[in-house]
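Let me begin by presenting the structure, written as structure tokens, before commenting on it.
The values are calculated or read from the model by the stated rules, or taken from the named source; none is laboratory data. Owing to the predicted nature of the structure, the values given are computational and were not obtained by experimental measurement. These area figures cover heavy atoms from the full protein model, side chains too; ligands, DNA and RNA do not enter into them. Shrake-Rupley method; radii C 1.70, N 1.55, O 1.52, S 1.80 Å.
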Amino acid sequence: MKTTRILVLATFLVAVAACSKQENTEATNQAPMAETSTMETQMEAKPTAMLPNEIDASDMSGTNVEQDASGKKVIYWEDPMVPDRHFSKSGQSPFMDMKLSPKYAE
């Protein structure tokens, strides 16, 4: 009976110590909070690599861009949720599950 109590107590103490150590590790791995939120930082971040079918956002010439059936000149295609990334062809967005929308020359 005494041995059982000692084993239960030892198991409990080991479990408490393990939980305490895990909480301390998580607390030290967190980066300090900046004044801007994480979402704002992600939205401002520049893309590191171009995706297939993506064109440079500063290129407004419209050359090598697939045209649509409207007859208007399409400058680029964009995801309405990620307007900073431009594409040369219509299709599905690589970011969201929606169609790319055309941006026309005025």
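Assorted remarks:
- Largest first, the residues Arg85, Arg5 sort by 1.4 Å accessible area into Arg5, Arg85.
- Rounded if a/c under 1.5, otherwise prolate or oblate - region 52-105, Cα gyration tensor axes: oblate
- Segment Tyr104-Lys2, extension gain: residue separation times 0.36 nm, minus the distance between their alpha carbons: 28.4 nm
- Percentage relative contact order, region 46-91, counting C-alpha pairs under 8 Å, at least six apart: 40
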